[in-house]
């Protein structure tokens, strides 16, 4: 079909098309019953993806609600810097590393879904267990915030220079800095310390450490860590599964539509990933 379309182009330097001729091109489509079978097969993947997305949203809410609950029982307060290092020094020994751009940082979610890779230059350095906070407008106002969990053991990744890295201190649950950074109170505090011209304002890392937070007892911290770590592992599995499901769906659709594989073959592939 592509060769036919090219043959109908008009002009030399900038070829164009006669829309009337293009509208007359006949396209072969599978039988309607085959189309319905394709929808059923791929729909099973979409249904599982949707279920996992709901799990991710509910799990995030449960983690943050659990943190809020134990903070209500706290008897005293401490600065945020007592539970989190802000932009800690982290060395990268590799010449090429996993890279996270601002577009890949979740907006309203928790776990990061996609990465790139590039040569190590300037930018934020982070590892598993860190929370990344977008510091520049409008990304900060839009709630771009993410928890890092899908790097290899001891792997250090590089990200945008507009990230602030929040790292839990020793004996502080991994999810605690994320939970604090996702609250309206924390974000209001951070916004008051923004500097820069209109439209390009940035949160100042030095202003975050003084934010006052209720500090739960050691026993409550331990319990929260056990619950949140378990949930994070489950959510990570759901995120990883969705990546496989989406890739499988995207690969099967064109194969099914042009008849390179049968519905039965696609069903067997879907059964292997569900």
Once you place label points 7 Å from the Cα toward the Cβ at residue 247 and residue 273, how far apart are they in nm? 0.8
For region 176-223, fraction of C-alpha pairs farther apart than 16 Å, in %: 48
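Per-residue counts of other Cβ atoms within 10 Å, averaged by peptide: what ranking do you get for 263-271, 178-186, 58-66, highest first? Working shown, then result.
Details: 263-271: 14.8, 178-186: 18.7, 58-66: 16.8.
With the highest mean Cβ count within 10 Å placed first, the list reads 178-186, 58-66, 263-271.
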Cα pair count fraction exceeding 29 Å, expressed as % - the chain: 49
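Considering only DSSP beta bridges with both partners in the chain, what is the antiparallel share in %, to the nearest 5? Before the final figure, lay out the partial values.
Numbers: 25 of 28 bridges.
So the antiparallel bridges amount to about 90 percent of the total.
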Between residue 93 and residue 183, 0.36 nm times their residue separation minus their Cα-Cα distance comes to what? 28.9 nm
With an 8 Å cut-off on Cα pairs and a minimum separation of 6 or more residues, tell me the relative contact order of the chain in percent. 25
Plugging the Kirkwood radius over Cα pairs into Stokes-Einstein for region 194-245, at a temperature of 4 °C and a viscosity of 1.567 mPa s, what D comes out in µm²/s? 87
Expressed as a rounded percentage, what relative contact order does region 49-150 have, with Cα pairs under 8 Å and six or more residues apart? 24
Which distance in Å, rounded to a whole number, links the C-alpha centroids of region 170-214 and region 48-78? 18
So for region 79-212, averaging the separation of alpha carbon pairs under 8 Å that are six or more residues apart and normalising by length, what relative contact order in percent results? 32
Normalise the Debye intensity by I(0) for region 41-136, one equal point scatterer per Cα, no solvent, then take log10 at q = 0.17, 0.25 Å⁻¹ and round to two decimals. -1.02, -1.37
Mind checking the full-extension length gain between residue 257 and residue 58? Use 0.36 nm per residue of separation minus the Cα-Cα distance, one decimal, nm. 68.1 nm
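Direction-averaged shadow area of the convex hull around the Cα atoms of region 79-212, nm²?
On the way: hull surface 30.7 nm².
Mean projected area for region 79-212: 7.7 nm², to one decimal.
Using the per-residue mean of other Cβ atoms lying within 10 Å as a proxy for protection, in what order, highest first, do the peptides 67-76, 203-212, 159-168 fall? Provide the component values of the computation, followed by the final result.
Details: 67-76: 13.5, 203-212: 16.2, 159-168: 21.6.
The packing order, highest mean first, is 159-168, 203-212, 67-76.
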At each listed q (0.16, 0.21 Å⁻¹), what is the log10 of I(q)/I(0) that the Debye formula gives for region 154-274 modelled as equal alpha-carbon point scatterers? -0.93, -1.23
Length gained, residue 101-residue 113, 0.36 nm per residue minus C-alpha separation, equals 3.2 nm
Between the modelled labels at residue 206 and residue 120 (7 Å from Cα along Cα→Cβ) the distance in nm is 2.8
For region 103-142, what are the per-bin percents of Cα-Cα distances with bins 10 Å wide, up to the bin holding the maximum? 22, 56, 23
Cβ neighbours within 10 Å, averaged per peptide: list 88-95, 108-115 in order, most packed at the top. 108-115, 88-95
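Here, each number is a calculation from the coordinates, and none is a lab measurement. Not measured: the values here are computed from a predicted model. Positions of Cβ are backbone-derived with ideal geometry, glycine not excepted, and every protein chain shown enters the neighbour counts.
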